[in-house]
Amino acid sequence: MKRAWIVLLAVCVTLAAWVVWDNFADGVDTRDEAVAVSADPTQWQSDRIAQGAYLARAGNCVSCHTAPGQAPFAGGRVLGTPFGKVYASNLTPDLQTGLGTWNAQHFWRALHHGRSKDGRLLAPAFPYNHTSLVTRADADALFAYFQSLAPVANAVPEHALRWPFGTQPAFAVWRSLYFKPATFKADAQQSPAWNRGAYLVQGLGHCAACHSARDSLGASGELDDLSGGLMPGANWYAPSLLNAQETGLATTPLADIVRLLRTGSAPKAWVNGPMGEVVQNSTQHLTEADLQAMATYLQARAQVAAREPSEPDAPVLSRKVSLRSAQNGAAIYKDQCAQCHGDQGQGQAVALADGTRAMAYPPLAGNRAVVMPQLSNLVQNLTYGGFSPVTHVQSQPFGMPPFVLTLSDRDMADVLTHIRQQWGNTGANVTEFDVGRVRVLQAH
């Protein structure tokens, strides 16, 4: 018995030593002397700042690192997780509360190794598994941009994570299980556009952070996992970018994918919820070449997935709709929805600033998002309303009011069932319990 305890203790000590070595042996020299200096610092720094500003938009850094109503990049925005609250850091060069005492080596270590200036392990709510792919040149450009901002004194609160999830040992174990510093490697079998798109999607864009499922410890899928998942803390469902029933990117014209990323709407797709924020703060500002690259990569991935054998979709299990529920759903749609979405669910188009037309109020007939088995987004939209993103071609957003004070859970279930089963739609029924479950999850 004593020998077994000795063996167990030795194993535990060995594992602990491995975790410590695995998390702190990054080999980064953080002294100022380790940072290279250009022979032409004025022009070089100006170019790097401009490049960094562009890259910050590509990474949508402002969305997480800006609290509502506060200065951009000053931090403090609350990020909800199943383990508690995480507060985004201050990226301005304030000496006391921001990055004012950091150098480029510190910043590179944060992106590539997930460690702060003082060596502390960063909470994995910061997607350092994705930013680890960012090249050193791009990391330096980002740092130059953040250093060029006006300093903002904003002391960000400490994370409010339940014990032991917010401790450094917990972060170390998590990293040993799920994280390894990585370098982006171009695929020689693919085109330059495909590789550029892969770099943006897997790296700064960190698309899999939302578009993949998370396990019980909050870890998302691989960097290129785009199979869809429920966003923890937000209760929005990021649809699969590989599945024909959820997004259909494999057969969508490339120009329509580019348009969706630039404007938030395309002939058969519209963004809402967190993706609207991505379009507004990030993708609409990218160059045509980068949008084409991302679209090329995403479509190629979807086409490969379409060729792979898959299990048949489960049959739609529709329960019988009572006459009362059917009549109630139809009446609510006529009174509250038809004015914008049309009597036949056809939607309503408007002219945009670039001379094209887009759906101000998207059609509900034939809409993949309407019939999707995952109900979170439908209930979120109906409960809290929402607006389309503000873009260069649509300066005034179109929106839907919240119905949280107007419709009961039963009313919401009835009208959603009506929408999911009219005009050729074949979605399953929605029950009062379904609506209540989504709303309870959102409240927590």
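Just so you know, all these numbers are worked out from the coordinates, no wet-lab data involved. Here the structure is a predicted model, which is why all the values come from computation and not from measurement. Please note: Cβ atoms are built from the backbone with ideal geometry, for glycine as well, and neighbour counts cover all protein chains shown.
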For the chain, what does -39500 (n - 2.57) per DSSP helix run (n ≥ 4), summed and divided by total residues, give at 222 nm, in deg cm²/dmol to the nearest 500?
-12500 deg cm²/dmol
Expected output is a single nm value to one decimal: the length gained when fully extending between A155 and S408, i.e. 0.36 nm times separation in residues minus the C-alpha distance. What is it?
87.0 nm
DSSP beta bridges in the chain: the antiparallel percent, rounded to 5, is 90 percent
Pairwise Lys count, the chain - Cα closer than 24 Å, eight or more residues apart or different chains:
4
Under the Karplus relation 6.51 cos²θ - 1.76 cosθ + 1.60, θ = phi - 60°, what is the ordered set of whole-Hz ³J(HN,Hα) values for the stretch 168-173, x standing for Gly and Pro?
5, x, 5, 4, 5, 5
Run the quick spin-label model on R368 and T101: label points 7 Å from Cα toward the beta carbon, then report their separation in nm to one decimal.
5.0 nm
Selected from L405, L382, L352 as most flexible by GNM, with the chain as the system and alpha-carbon contacts under 10 Å:
L405
Could you work out how much longer the chain between Y384 and V78 gets when fully extended? Use 0.36 nm per residue separation minus the Cα distance between them, nm to one decimal.
108.3 nm
Along the charge dipole of the chain, Cβ charges K/R +1 and D/E -1, which of Q327, N154, W108 sits furthest on the positive end?
Q327
Once the dipole of the chain is set up from charges on Cβ (+1 Lys and Arg, -1 Asp and Glu), the residue from the list S46, F387, A188 lying farthest towards its positive end is F387
Interchain or sequence-distant (5+) residues whose placed amide H lies within less than 5 Å of the amide H of G386 are M400
Taking amide H positions as placed 1.01 Å from N in the peptide plane, with prolines and chain starts having none, which residues 5 or more places from Q348, or on another chain, fall under 5 Å of its amide H?
A360, Y361
If amide hydrogens are placed 1.01 Å from N in the peptide plane, which non-local residues have theirs closer than 5 Å to the one on R115?
A110, L122
Under Karplus coefficients 6.51, -1.76 and 1.60, residue-wise ³J(HN,Hα) of the stretch 140-156 in Hz, glycine/proline x:
5, 5, 4, 5, 4, 5, 5, 5, 7, 6, 5, x, 10, 6, 8, 6, 6
